[in-house]
Amino acid sequence: MENQIFMENKLIQFFQDNFIVDLNHEFSRTDSFLENGIIDSTGVLELVMFLEENFKINVNDDEIRPENLDSLENLVAYIKKKKNL
């Protein structure tokens, strides 16, 4: 079972590898990726593909919303909900 720290580290690594950002130092867990210019609509699609491949979840179209995907805290909560953790 994946724990929260493992999920956060995996997500931070994804953002650092794919977008020019250092989430360890520049942002809090609740900062918006969209509002801070970290990702755009194309980035959201990349994020969805990453979540599906790496966390083995299915992201439905109606779940692609800020409350699920627009901060580190929201992402971890969303993954946990999808995996019933």
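Confirm whether Met49 is of a type in the set (A, V, I, L, M) and touching a helix residue (DSSP H, G or I) at 6+ places or on another chain (Cβ under 6 Å). When the stated conditions are applied, Met49 does not pass them.
Assess whether Ser28 counts as being among the small types (Gly, Ala, Ser) and touching a helix residue (DSSP H, G or I) at 6+ places or on another chain (Cβ under 9 Å). Yes, satisfied.
No lab work stands behind these numbers, since they all come straight from the coordinates. None of the values given here were measured: they were computed from a predicted structure. Don't worry about glycine lacking a Cβ; one is built from the backbone with ideal geometry, like all the others, and counts go over all protein chains shown.
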